[in-house]
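Here the structure is laid out as structure tokens; the discussion comes afterwards.
The values are calculated or read from the model by the stated rules, or taken from the named source; none is laboratory data. Remember, it's a predicted structure, so these values are computed and weren't measured experimentally. Cβ sites come from the backbone with ideal geometry, for glycine too, and all protein chains shown count toward neighbours.
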Amino acid sequence: MARLEKTVFVSYRRTNAPWALTIFQNLSQHGYDVFFDFQGIASGDFEGVILQNVKARAHFLVLLTPSALERCTDFGDLFRREIETALDTRRNIVPLFFEGFDFSSPTISSQLTGKLETLKRYNALRVPIDFFVEAMDRLREKFLNVPLDTVLHPLSKSAQQAASDTKTAANVAPAVQDQELTAIRWFEQGKNAADIDEQLRCYSNAIRLDPRDFIFYVTRGIALKHKGDLEGALQDYDEAIRLKPEHYAAYVNRGLAREGKGDVEGALQDYDEAIRLNPDDGITFRNRASARWGKGDLDGALQDYDEAFRLRPHDAFACYFRGCVRGAKGDLEGAIQDCDETINLRPDFYEAYNFRGIMRRDKGDLVGALQDFEKAIHLKPDELRFYNNRRGVYATKGDLDGALQVCDKIISLFPEDAEAYFTRGCHRGDKDDTHGALQDYSDAIRLMPDYYAAYINRGSLRQENGDLDGALQDYDEAIRLRPEECAAYVNRSMILEKKAEFLRAIVDLRKYLEMDCGVRIGNQAQVDQRLRDLVKKL
């Protein structure tokens, strides 16, 4: 038979802890048995303990602020798991709306995936900060004062102990002050702000009102990092860690900031500590893997990506980057397998197609590589790298017409890209289209006046076609741009010899030999002989 129940579970984000505490205090004063994770569950099976307490209570209050649902697209998110458990066990679910929360907001509705979509069907109660007491009266009299035909599940000893401990801690906690709730309002306003300076203003106001909340410092640190103020971000993360040394999030974010400053060792120390505190967070393993990879520790990076993907089997990024590390280690087949899995998880992951194309190309599967590069281009048609990769495969196959078609496409999309003209000039030269090649090299130089290789190639073509003065100008410019490069000296010496400028030609050949160019490319004897012949002509 339906009956009145006075057992309540309060589900909330850590940023809304003052709201959760003041709701706990209000309901407890009116005889309700309330559970909320006030200080963190010490049990190793903390998620199991929390979900048991959801099932053991008739009413489920879910605190919804504009930022509350922002991580709920992650199916492993505990806040999401609490709501899903309440839905599955048919608790009396009461959404509590705080200032700025609206299910119709695009950023909020996009988080309501899967079972969470049904949350919108429940009658909600708005909780204005200035009318909190009135809202609590309405909560008790209308939303909780209903007969329920609910199966309440018994608690294990560990879950009972956790409930008792958290209730004791919350009961002795000081009453929540108005300024703490106002601080949350500023914090949420900052989360909703599009302008980063406005975000920082709001977070700073939140900190001014409640300087004890470590999450405010972590969040402002993230905003400072996005603005490029890594020093300011590090200071905020340091303060967050001072306030809450047992919470892993500040270590993760400080690690990212340290990595941004080039302090890889410091970043690794922070990731190590974050993993020690929370060994089940796949994102932290992914971050540490990236730092290890950047340091050249491919084996360590691979181990971390393995663990990240084990913890988050739907994490396409962890799978993709693991494939990249495997490719860097020469495991082309393993890299291709990871790309296959990544594409399975996210069929629109264009970088996975591109990288799989590179791996297939390196394995000699040019047809498969072309298919992958074409798919990557289809998904992201404005990415120059993908076109260049496809062009390179055509060139490797000896299909100059295919390579030229891709060059034409690149130039139509990126008409200011000097490299595209230079590359097309090379392919046109291979097809004996001297006029077209010369025009492309000239366009490359027009777009990039210090393009050394374009001067060399244009000079060679001019030389072959008898334009010695034009070739000489190109080699002069190439040498001016890069006097340490040897190719232009020997080329220029040939023109100077034809123009009977033997002394200058000798100087170029000696320069060429002094730089050991002949030794490197195997024509030492030829250059020595030319030098002797030129000396005789003086």
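Summary table below
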read-out	value
Lone unmet requirement of (1) of a type outside the set (Phe, Trp, Tyr); (2) loosely packed, with under 14 Cβ neighbours inside 10 Å; (3) at pLDDT 90 or above; (4) in the same structural domain as residue 60 (by TED's automatic domain parsing) for residue 154	(3)
Qualifying residue in region 313-328 (condition: under 16 Å from the mean Cα position of the chain (by Cα) and either among the basic types (Lys, Arg) or surrounded by fewer than 17 Cβ atoms within 10 Å (Cβ to Cβ) (or both))	yes
Filter result (assigned to a loop (DSSP other than H, G, I, E, B) and within 17 Å of residue 434 (Cα to Cα)) within region 445-468	465, 466, 467
Segments classed as strands (runs of 3 or more DSSP E), wholly inside region 24-133, with at least 3 members that are touching a Leu at 6+ places or on another chain (Cβ under 8 Å) and not assigned by TED's automatic domain parsing to the domain that holds residue 181	59-64, 92-97
Condition met for residue 466 (farther than 30 Å from residue 399 by Cβ, at pLDDT 90 or above and loosely packed, with under 12 Cβ neighbours inside 10 Å)	yes
Test: residue in region 239-247 that is touching a Gly at 6+ places or on another chain (Cβ under 9 Å), at pLDDT below 95 and either charged (D, E, K, R) or within 20 Å of residue 184 (Cβ to Cβ) (or both)	yes
Top-ranked residue in region 290-310 [being basic (Lys, Arg) and part of a helix (DSSP H, G or I); ranked as surrounded by the fewest Cβ atoms within 10 Å (Cβ to Cβ)]	310
Some residue of region 223-238 being of a type in the set (Asp, Glu), more than 20 Å from residue 272 (Cα to Cα), crowded, with 16+ Cβ neighbours inside 10 Å and in contact (Cβ under 8 Å) with a residue 60 or more places away in the chain	no
In region 209-229, residue nearest to the chain's Cα centre (by Cα) [restricted to those that are of a type in the set (A, V, I, L, M) and closer than 15 Å to residue 252 by Cβ]	222
